[in-house]
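Asker: Quick one: the structure is below, and I'll ask about it shortly.
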Amino acid sequence: MHEITCQKVPEAAFDSVRRVEGLEEIIANYAPYLADESRLPHQGADFLFFPNNEAELAAIMREMGKRGLTVTTAGARTGLVGGSVPAGGAVVAMDRFDKTLGIRFDEESGEWRVLAEAAVTLRDLNDWTNKKSFPGLTSRADEATLAQFEKFKEDPGSYFYPPDPTEMSASLGGTVATNASGAASYKYKATRNWIRRLRVMLASGEVLDIPRGKYFATDDLTFTVIDTAGNRTQLKLPTYIMPETKNTAGLFAAPGMDMIDLFIGSEGLFGVITEIEVALAQQHESVSVVQFLPSDEAALDFVIALREEAAIRPEFIEFYDVNALKLLRDRQVETPSFIDMPPIPEDAGAAIFYDIAFTGADPKPDYAWLREMTERCGASLDNSWAGYERRDLARFRHFRHALPETVNGIIGERKKTYPGLHKLGTDLAVPDGCLKDIWHFYRSKLDGAGLEYVVFGHIANNHVHINLLPRDMDDLAKGLAMYVEFAKKAIEMHGTVSAEHGIGKMKKKFLPVMFTPQHLEEMKAVKLALDPAAMFNPGDILDMETNREGAAQ
Amino acid sequence: MRVLVCVKQVPEVTNVQVNPETGTLNRDGVASILNPFCEYAMDLALDLKATNEDVEIVVLTMGPPQARMALMRCLEMGADRAILVTDRKFAGADTWATALTIAKMVEKLDGVDLVLVGKHAIDGDTAQVGPMLAEIMNIPQITYAVGLELDGRRIRVRRENEGGYETVQMRLPGLVSVNKGAATRKVCSFQEILEARGKEILTMTGDDLDLDDSELGLQGSLTQVVKVFPPTVKEPGRVLDGGNAPMAAKEVAALLHEKHFV
């Protein structure tokens, strides 16, 4: 089917929607809603809304439409590219869309699926799934859902929701809007792979209910959307070829694609996601290992060997360069409680953090191959940290999060002296065969440049984050120029300028490195077909030319 | 010198909820772990071993077959060998029956110089088994230890008291119960985890002990848990919507008048 029809939702009175009016009041009492983890300065907002349900959301859409104001959607505001930082108009905070609505077993796919509202966080979803206890579900659910819930509780398996962008306070809606991925995407792929249905409110206040597997693009890349009055809008999808890496740059487009994929990763350009049905995966036993190695070259050899080991598929393989380890070690000395780990070895030149299948109760596990492989790379299993209990895995997860938090803290301090300063964190990825080439390119530019930097990230997907830590505005300018060079090189290798952070407001400048002017125009055409007045998320991804108040030019 | 560390596997209690109707623990999705205080006891045993080459660390637990994973954690940390004492006859044992069973088990070992136990287990919180064990074995004991130092056939113990710390010493054999120690929990290397699988875990049952069945488990228990219940939950406070400050202020004022606070 290539056509989808919108649904009407009951509309609440606009006056009944909880709101904060005026920038002064928002700054005084609700300032966090003007920012996200990017620390990008906001450009003001006239309203901050807290809708309770779709009916109130629809009332906001229609009123903002009448007033000609833009709408910026705010989820958990954990994004790194300023996607939810307002550029005028209204901010719609989705905080109250925080309920689980159902759970069911899908016979055809053999998977458990959870239906939840957009503001449910990844941490809560996984916690509730693990405990098989969803707050309030039994009082909201109908009999069929209750029966399914009972069946879920009786299922002896343990389940979880695999997308893990490290920041588990991220909301489901936000992670769908950005197609979040993170370390575990090496095994489980990005968020897109786990989304089974979406409800999206358009600027008209009408809703698209999109299950996966029902609405597909034509071979010549078109969809048709029919509103409740019967008006038909044809979308012509962009004609570019998607990169061979994990990617969040630009809209998803491919012949015959599922319509749901257009909305996943669209960064809220077309509407507001209200409900999401996700698939769960079964837990497996594993061991997390932080392997210390003598150098970054040894670490690259280790990664390539680990990926080539056919018998295993690590959930993730993460990289820390020598500067990242030093930064963490210094932080350990300064604030021992911040990182609940032993001191990082002084002689470590790099570290690889990975996990592989491991059964704690297995009396004779055979990992001779791993020992040999590690030794071939100049390292030893003795010089590693490992854990397989759930509390260990949580501890290791915290360790993984400690570095970006430390980097953000440093930049936050420096911003006090140079308010215009910000972190420069690359999000480039290249195909598998290019790992060593891109690393050598990075090093050739970084060595001797006089910039402070750390490198860490998802090396399994050839996707390390080079975090340049500018000390002043000169460093920032130098770093930006270097970033553009890195981006051009990644595209030369058929990679992407944004593998997981998205584009938002901060990485727009890199889109022309990856897409031609024609491709950018094709994306704008899709945006205007679904959001004709460019109401949603002004300034994100594309520079739309509109007369709406608050629309970034 | 042989150091025996007596340990217990417990549910990760931060995640356990009590069913208010049945008074039973809801263990769905709750992991079993080595009791943290037993882990601190292992830390002190390893400190001794690090400075005294002839120290052999034996760990012992009484519990269901799956309690071998608590022993495995000790072997990964550096214990030399382990003993699992498991039997359906032990089910329902209170602190007395547990201490008696362990004491009889210790008699089977060929001499123990020092017994280390955690201050208490985080599931039962009784802190009784260690002191009872010392009494049954008729050896001296020092409680709440945070540091140990061997001095020939004596051990110097840094212990926590209500006012701070004190150092006391006793002749061996003796028993030491261990309080919270190092801030950072030991992280094992993958090599240590793999090597632990090659170490000995000896399984023993009630038949291996010189005890009558009437002294084991529920039958041998002097006390019985009648009921488990969570503390009374206070009514939640009232939250006023601060979105409309003048309205909220009026509500607060009305409430204060209503309750005769003003």
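Asker: For region A:494-521, give me the residue count where each residue is assigned to a helix (DSSP H, G or I) and open to solvent by 30 Å² or more (accessible area, probe 1.4 Å).
Answerer: Of the residues in that region, 10 qualify.
Asker: Answer yes or no as to whether residue A:510 is modelled with pLDDT under 95 and in contact with a helix residue (DSSP H, G or I) (Cβ under 9 Å, 6 or more places away or on another chain).
Answerer: yes
Asker: Tell me, which residue of region B:67-82 that is assigned to a helix (DSSP H, G or I) and of a type outside the set (A, V, I, L, M) is farthest from the other protein chains (Cβ to nearest Cβ)?
Answerer: The selected residue is B:74.
Asker: I want to confirm something. Restricting to region B:211-225 and keeping residues that are in a loop (DSSP other than H, G, I, E, B) and of a type outside the set (A, V, I, L, M, F, W, C), which single residue is surrounded by the fewest Cβ atoms within 10 Å (Cβ to Cβ)?
Answerer: So the residue we want is B:224.
Asker: Pick from A:267, A:315: which is charged (D, E, K, R), buried (at least 23 other Cβ atoms within 10 Å of the Cβ) and assigned to a loop (DSSP other than H, G, I, E, B)?
Answerer: From the options A:267, A:315, the qualifying one is A:267.
Residues are listed down the side, and each one gets a yes or a no for (1) surrounded by fewer than 19 Cβ atoms within 10 Å (Cβ to Cβ); (2) at pLDDT below 95; (3) over 22 Å from the mean Cα position of the chain (by Cα); (4) at negative phi:
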{"site": "B:161", "(1), (2), (3), (4)": "yes, yes, no, yes"}
{"site": "B:167", "(1), (2), (3), (4)": "yes, no, yes, yes"}
{"site": "B:183", "(1), (2), (3), (4)": "yes, yes, no, yes"}
{"site": "B:209", "(1), (2), (3), (4)": "no, yes, yes, yes"}
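Asker: Looking only at residues that are surrounded by 23 or more Cβ atoms within 10 Å (Cβ to Cβ) and within 14 Å of chain B (Cβ to nearest Cβ) in region A:293-309, which one is nearest to residue A:365 (Cα to Cα)?
Answerer: A:302
Asker: Continuing with this model, one more query. In region A:333-380, which residues are over 29 Å from the mean Cα position of the chain (by Cα), facing chain B (nearest Cβ under 9 Å) and within 21 Å of residue A:183 (Cβ to Cβ)?
Answerer: Within region A:333-380, A:370, A:374 meet the criteria.
Every residue, every condition in (1) over 23 Å from residue A:167 (Cβ atoms); (2) under 25 Å from the mean Cα position of the chain (by Cα); (3) touching a residue at least 60 places away in the same chain (Cβ under 8 Å); (4) assigned to a helix (DSSP H, G or I), yes or no:
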| residue | (1), (2), (3), (4) |
| --- | --- |
| A:391 | no, yes, no, yes |
| A:394 | no, yes, no, yes |
| A:403 | no, yes, yes, yes |
| A:412 | no, yes, yes, yes |
| A:418 | yes, no, no, no |
| A:433 | yes, yes, no, yes |
| A:437 | yes, no, no, yes |
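Asker: List pairs: first in region A:277-291 and touching a residue at least 40 places away in the same chain (Cβ under 8 Å) and surrounded by 15 or more Cβ atoms within 10 Å (Cβ to Cβ), second of a type in the set (A, V, I, L, M, F, W, C) and part of a loop (DSSP other than H, G, I, E, B), Cβ under 7 Å, 6+ apart or cross-chain?
Answerer: A:286/A:358; A:287/A:358; A:291/A:379
Asker: With open to solvent by 20 Å² or more (accessible area, probe 1.4 Å) and more than 14 Å from chain A (Cβ to nearest Cβ) as the only criterion, which of B:149, B:200, B:192 stands out?
Answerer: Sole residue among the options that is open to solvent by 20 Å² or more (accessible area, probe 1.4 Å) and more than 14 Å from chain A (Cβ to nearest Cβ): B:149.
Asker: Any idea how many residues of region A:111-149 are of a type outside the set (D, E, K, R), away from chain B (no Cβ under 14 Å) and more than 18 Å from the chain's Cα centre (by Cα)?
Answerer: Number of matching residues: 13.
The values are calculated or read from the model by the stated rules, or taken from the named source; none is laboratory data. This is a predicted model, so every value here is computed, not measured. No Cβ is skipped: glycine too gets one built from the backbone with ideal geometry, and neighbour counts run over all protein chains shown. Accessible surface is based on the protein model in full, side chains and every heavy atom, while ligands, DNA and RNA are left aside. Shrake-Rupley method; radii C 1.70, N 1.55, O 1.52, S 1.80 Å.
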